[in-house]
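The values are calculated or read from the model by the stated rules, or taken from the named source; none is laboratory data. Bear in mind that the values here come from a model prediction, so they are computed numbers and not experimental data. Don't worry about glycine lacking a Cβ; one is built from the backbone with ideal geometry, like all the others, and counts go over all protein chains shown.
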């Protein structure tokens, strides 16, 4: 009799749990989008690809009078040998045509990045076969016209994963690489973007990986890397971003700070009039239920940040949600064009739902003078919150930087 009562009670508890979970997922699925896109910035964005597939991990470049867009197409976010890299072009960033479709030769392929090297267009990508999307090697493909591409070939550093290469003089190229098992990131250099050599250690530990950089000027590099979570998980479970700076020859990266504003997934950095900005994935809400920045049940955004004095300062969201970010950026005059991917912009999925639902590729545009003005006003507001009566005079009440 007592056993029967216990079994009935367990059945009720189980059914209640199932119903509660179903209600929660329905709520998450239909929750309306509340992205904080600042109206005064007049950010425009429009859909380029919305084909019912999981389109992700974009990059954007301007070459020979046209925009070039690349992204990964697959059935879902996770690793898949069916994934492919798409290349498209457009004269105005509005009307696009597909030029090529590249596969990983039996491997998952993701995170494509453009570079123009000696008048040839390169695409760099990460290869691996793991369902949990753990790439194991870097590869590159080359085109002389943007239409015909070579098959992906592996870069000579097995196990090291490349991010976006950049150059200040068109002769020497620099790119952050991170170790495939995470925890190490290095700056490497090359004159052809095929053969690379070590330049300096960026970061060691804290499962560091995706690291992006930009030239502040010809002799100074700024970089931001993401740390998935601290090696001391109890002390710092949420993960963070690491902000670096180095001067030529870029072999000393001992000067850095950790920022707990967000864990900047898929970072892209660009410089305009001496100011450094970042586009990346932002988690606007971190509470007891979703404390970790990598939490699968949290909301995500593609957002824009200012990097000033080693501070990562949040500025605005871009209309986005769910599985999103991994942007490309092109500056023409005072206009920023950017690419990104996102789940259905009318909804506000948790990250988990976004990973297994269709995503679209979007292009955005904003005036950089307006962004600069808004960024300066934001910095002024932050400065006003500094407690000048404090003897140290360094306490920022909004806690922009976690030391």
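Being outside any strand (DSSP E or B) and crowded, with 24+ Cβ neighbours inside 10 Å holds for only one residue in 305, 349, and it is 349.
Go through the range 132-170 and count every residue that is assigned to a loop (DSSP other than H, G, I, E, B), on the phi < 0 side of the Ramachandran plot and more than 20 Å from the chain's Cα centre (by Cα). Reasoning before the result, please.
Pass one, the range 132-170, residues assigned to a loop (DSSP other than H, G, I, E, B): 132-136, 144-152, 155-159, 163-165, 168-170.
Of the ones still in play, those that are also on the phi < 0 side of the Ramachandran plot are 132, 134-136, 144-145, 147-152, 155-158, 163-165, 168-169.
Those still in the list that are more than 20 Å from the chain's Cα centre (by Cα) too: 144-145, 147-152, 155-158, 168-169.
The total comes to 14.
Within the range 309-317, is even one residue under 22 Å from residue 32 (Cα atoms) and under 13 Å from the mean Cα position of the chain (by Cα)? No, the conditions are met nowhere in the range 309-317.
Looking at (1) touching a strand residue (DSSP E or B) at 6+ places or on another chain (Cβ under 8 Å); (2) farther than 24 Å from residue 135 by Cβ, which is the one condition that is false for residue 86? The one condition residue 86 does not meet is (2). Within the range 144-163, the set of residues being surrounded by 19 or more Cβ atoms within 10 Å (Cβ to Cβ) and within 15 Å of residue 85 (Cβ to Cβ) comprises 149, 152, 162.
Listed here are the strands (runs of 3 or more DSSP E) enclosed by the range 1-117 that have at least 3 residues being more than 21 Å from the chain's Cα centre (by Cα) and assigned by TED's automatic domain parsing to the domain that holds residue 283: 97-103.
For (1) surrounded by fewer than 21 Cβ atoms within 10 Å (Cβ to Cβ); (2) in a strand (DSSP E or B); (3) at pLDDT 95 or above, each residue gets a yes or a no:
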| position | (1), (2), (3) |
| --- | --- |
| 289 | yes, no, no |
| 292 | yes, no, no |
| 296 | yes, no, no |
| 322 | no, no, yes |
| 326 | no, yes, yes |
| 345 | yes, no, yes |
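Say whether the condition of being in contact (Cβ under 8 Å) with a residue 60 or more places away in the chain and surrounded by 22 or more Cβ atoms within 10 Å (Cβ to Cβ) is met by at least one residue in the range 179-187. Scanning the range 179-187, I find at least one residue that is in contact (Cβ under 8 Å) with a residue 60 or more places away in the chain and surrounded by 22 or more Cβ atoms within 10 Å (Cβ to Cβ), so the answer is yes.
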